[in-house]
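The values are calculated or read from the model by the stated rules, or taken from the named source; none is laboratory data. Please read these numbers as outputs of a predicted model, since none were measured by experiment. Positions of Cβ are backbone-derived with ideal geometry, glycine not excepted, and every protein chain shown enters the neighbour counts. Side chains included, ligands, DNA and RNA excluded: accessible areas come from the protein's heavy atoms. Shrake-Rupley method; radii C 1.70, N 1.55, O 1.52, S 1.80 Å.
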Amino acid sequence: MSDANEEVPAEEVAEEEVVEEEVAEMNVLDALKEVLKKALVHDGLRKGLHECAKALDRRSARLCCLAKDCENEEYKKLIRALCAEGEVSVIMVDSGKDLGAWCGLAKLDADGEVKKAVRTSCAVITDFGEETRALTVLLDYLQKQADGEE
């Protein structure tokens, strides 16, 4: 009977280890996707140059996403300057189409896959919405980036 009692805690420990491994596996892009979706649901997401510039100018922005494939250098320069002025973190995303899809600017097919995405070069989060694991991962990443620059 004592053998059965000893095995049960070992199984519980194994389950806890699996949960910890799942937390470690979330990368920054997956966390960014989830945070953008939560912000969209809570009406805290601004997309496009005009909306983003207004949010950055009002100092209501908390995080800015900028596409690397934006051809207009003046566009990137303006967004970076507004972010620097308001001390807002900037995350560079590889593709504007991906950023547009993550912001909800896409048509989905029956399976939930992106069928057609509208490109956006900039998105700003003004309200993160609810506190999630993805938000924690993203903020930790931004803190490490800020510590590396100093």
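Okay, here's what the table says:
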{"read-out": "Exceeding the 21 Å Cα-Cα cut-off - candidates 37/144; 33/54; 38/97; 54/116; 47/77", "value": "37/144; 33/54; 54/116"}
{"read-out": "Shape category assigned to the range 71-150 from the gyration tensor of Cα positions, a/c cut at 1.5", "value": "oblate"}
{"read-out": "The range 17-150: projected area of the alpha-carbon convex hull, averaged over directions, in nm²", "value": "9.3 nm²"}
{"read-out": "Separation in nanometres of the label points that stand 7 Å from Cα toward Cβ, at residue 78 and residue 145", "value": "2.2 nm"}
{"read-out": "Exposure of residue 57 as accessible area (Å², to 10), given a probe of 1.4 Å and all protein chains", "value": "100 Å²"}
